[in-house]
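One structure below.
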Amino acid sequence: AQKVTQAQTEISVVEKEDVTLDCVYETRDTTYYLFWYKQPPSGELVFLIRRNSFDEQNEISGRYSWNFQKSTSSFNFTITASQVVDSAVYFCALRDSNYQLIWGAGTKLIIKP
Amino acid sequence: EPEVTQTPSHQVTQMGQEVILRCVPISNHLYFYWYRQILGQKVEFLVSFYNNEISEKSEIFDDQFSVERPDGSNFTLKIRSTKLEDSAMYFCASSVRPNTEAFFGQGTRLTVV
């Protein structure tokens with residue numbers, strides 16, 4: 001069965017600290033896609049990244065980076081030099097052979113000034 | 001930048017009433033979805049729609065729910081007889097293909113009283 005686990009319910013750091021959000025997934029499929037979405041206090045869901053199961057290269061986009069490790073079924077997200085505007089709930093999600101996204105419970109990130 | 005638009009942003013309805021939530025997906029996208037998020041909880045898949053028919057639906061999407069693409073631009077979710085537990089944020093999303101990123105609308109907050 002497919003499952004996404006985000007064990008960290010809430011993380012609170014001081015601005016400029018680095019922070020890593022964990023995501024562990026389960027799927028029987030060999031072809032699957034992983035996603036991260038951001039949900040700011042305003043409530044919308046903002047797409048951040050998509051990764052397919054055949055591409056294990058890590059990705060960096062500005063202060064954001066993602067570490068995909070198939071061996072541990074993890075797709076972790078790191079924000080370096082965090083800013084108050086990064087405060088949001090971050091969701092990891094999985095799509096395999098189905099059309100639907102399977103979502104983790106989300107990690108609430110609080111960046112204090 | 002193209003975006004998914006949803007109306008209304010907030011709908012209050014009495015239990016037992018029918019509601020229709022409206023969405024305009026991104027114009028060149030072919031796959032459409034509805035998700036919901038009960039306050040403070042994870043995002044849940046309801047239904048996916050392609051080529052004018054439902055391609056996948058979850059257990060939540062029972063006979064009280066229906067979707068329709070009444071014209072070339074709109075995608076609607078109808079709840080026939082609302083229950084208190086239908087209160088949630090409903091998100092519409094669209095994607096070019098099922099394995100590409102889905103872009104979400106701002107959501108419609110449905111409150112059933």
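The values are calculated or read from the model by the stated rules, or taken from the named source; none is laboratory data. The shown structure was predicted, so the numbers you read here are calculated from the model rather than taken from an experiment. Backbone-built Cβ (ideal geometry, glycine too); neighbour counts: all protein chains shown. The accessibility values were calculated without ligands, DNA or RNA, using every heavy atom of the protein model including side chains. Shrake-Rupley method; radii C 1.70, N 1.55, O 1.52, S 1.80 Å.
Residues of the stretch A:93-113 that are of a type in the set (A, V, I, L, M) and surrounded by fewer than 22 Cβ atoms within 10 Å (Cβ to Cβ): A:105, A:109, A:110, A:111. Residues in the stretch B:71-110 that are surrounded by 13 or more Cβ atoms within 10 Å (Cβ to Cβ) and either closer than 13 Å to residue B:36 by Cβ or without any contact (Cβ under 8 Å) to a residue 60 or more places away in the chain (or both): 23 in all.
Does residue B:61 satisfy the condition of being within 25 Å of residue A:92 (Cβ to Cβ) and either of a type in the set (Ser, Thr, Tyr) or part of a strand (DSSP E or B) (or both)? When the stated conditions are applied, residue B:61 does not pass them. In the stretch B:50-89, the qualifying residues are those that are within 14 Å of chain A (Cβ to nearest Cβ) and farther than 13 Å from residue B:32 by Cβ, and the one that is farthest from the chain's Cα centre (by Cα) is B:59. The lone criterion from (1) within 11 Å of chain A (Cβ to nearest Cβ); (2) open to solvent by less than 30 Å² (accessible area, probe 1.4 Å); (3) farther than 16 Å from residue A:46 by Cα left unmet by residue B:37 is number (3). One residue stands out among those in the stretch B:12-34 that are over 27 Å from residue A:92 (Cα atoms) and over 12 Å from the mean Cα position of the chain (by Cα): the one that is farthest from the other protein chains (Cβ to nearest Cβ), which is B:16. Here the stretch A:33-59 is the region considered, the condition is being modelled with pLDDT of 90 or more and farther than 27 Å from residue B:88 by Cβ, and the residue that is surrounded by the fewest Cβ atoms within 10 Å (Cβ to Cβ) is A:54. For residue B:94, the test of being in contact with a Pro (Cβ under 6 Å, 6 or more places away or on another chain), more than 9 Å from chain A (Cβ to nearest Cβ), polar (S, T, N, Q) and outside any loop (DSSP other than H, G, I, E, B) is passed. Among the candidates A:80, A:5, the residue that is away from chain B (no Cβ under 14 Å) and surrounded by 14 or more Cβ atoms within 10 Å (Cβ to Cβ) is uniquely A:80. Scanning the stretch A:8-47 for residues that are aliphatic (A, V, I, L, M) and over 10 Å from the mean Cα position of the chain (by Cα), we see that the one that is nearest to the other protein chains (Cβ to nearest Cβ) is A:45.
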